[in-house]
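One structure follows; several queries about it will come next.
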Amino acid sequence: MTNDPNLIVATLIVIFFAIGLHEYAHCKVADMAGDPTPGIYGRVTLNLTKHFEPLGTLMIIITSLSGIGIGWGRPAPMDPRKMNNPRWDFFAAVIAGPLSNLAQAIIFGAALRFAPVDPIGKIALSPFVYMLLFQGVTINLALCLFNLFPLGPLDGHWLLGLLMPEKPRHYWYKFNAQVGTIALIVLVIGSQLMSSRGGPDILGMIIITPLSALFKMITGRPF
């Protein structure tokens, strides 16, 4: 794990907005769809401290400083039964989280793409600003892709379930409610341990290919 203060501070700033705005987006879209639940729990707020979950936040800090950041925030309280169009409004509220991270990655990436360069083509930014922009793209893309992974409690398992017929959806959600979180933690920690011992980072390998392609598309630079 790095001890570079520029990287540490930049990473913490990016994580604060990446997770906070991700969860806020879930709650805001659900609220707009007629579900009062996020508001009842005080989650339709830009006070981003309300949207953090200790284990997921710790996970993303550790993984961001040692590789690609993966983690999660405090689950958004939503009740699709109270939405105007329960199935597709819930789909919109769920996917709003990953899309918020993609939007943040694009903003940071645009700043990196159009950053000033010196006569030899090297980016002319202070180390801190460069780290902030680089981590802003990388962490947000990683969070977007990681949260689309179809395993509870991540957004991807809800999205996949909503595309299923009713009966398979019921069993899919039941499976994730029972073992999804445990399986996810085992996968994340197992991948990190294998990687630290010279083995393959399985989860990282799944994420790195699309992340690299998106990074180059957004910034115009190789990852």
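The values are calculated or read from the model by the stated rules, or taken from the named source; none is laboratory data. Not measured: the values here are computed from a predicted model. Because the Cβ atoms are built from the backbone with ideal geometry, glycine has one as well, and the counts that use them run over all protein chains shown. SASA here: full protein model, heavy atoms, side chains in, ligands and nucleic acids out. Shrake-Rupley method; radii C 1.70, N 1.55, O 1.52, S 1.80 Å.
Taking only C-alpha pairs under 8 Å that are 6+ residues apart, what is the relative contact order of region 34-134 in percent?
Relative contact order, region 34-134: 21 percent.
Moving to a separate point now. Provide the per residue accessible area, probe 1.4 Å, for the chain, rounded to a whole number of square angstrom.
On a per-residue basis, 50 Å².
List every residue whose amide H lies under 5 Å from the amide H of Phe223, counting only residues 5 or more places away in sequence or on a different chain, with H placed 1.01 Å from N in the peptide plane.
Residues meeting the criterion, in which the H sits 1.01 Å from N, are Lys216.
Same structure again: Among His170, Gly152, Thr181, whose Cα projects farthest towards the positive end of the dipole of region 102-201, with charges put on the beta-carbon of Lys, Arg (+1) and Asp, Glu (-1)?
Going by the Cα projections, it comes out as His170.
On to the next question. So, with a 1.4 angstrom probe, what is the percent of accessible area on region 93-210 that is carbon and sulfur?
74
Quick one: which residues, 5+ away or cross-chain, put their amide H under 5 Å from the amide H of Asp79? H built at 1.01 Å from N.
Amide H neighbours of Asp79, under 5 Å, 5+ apart: Thr37.
Here's something else I'd like to know. Bin width 10 Å, origin at 0, all Cα-Cα pairs of the chain: what percent of pairs per bin?
Taking all Cα pairs of the chain, the binned fractions are 8, 31, 35, 19, 6, 1, 0 percent.
Using a basic spin-label model with each label point 7 Å from the Cα along Cα→Cβ, how many nm lie between Met205 and Val117?
If labels sit at Met205 and Val117, their model points lie 3.4 nm apart.
Under the Karplus relation 6.51 cos²θ - 1.76 cosθ + 1.60, θ = phi - 60°, what is the ordered set of whole-Hz ³J(HN,Hα) values for region 210-217, x standing for Gly and Pro?
Once rounded to whole Hz, the list reads x, 4, 4, 5, 5, 4, 5, 5.
Just going by the charge dipole of the chain, with Lys and Arg at +1 and Asp and Glu at -1 on Cβ, which of Asn6, Ile202, Phe108 is farthest out on the positive end?
Selected residue: Ile202.
Between region 94-166 and region 180-223, what's the alpha-carbon centroid distance in Å?
14
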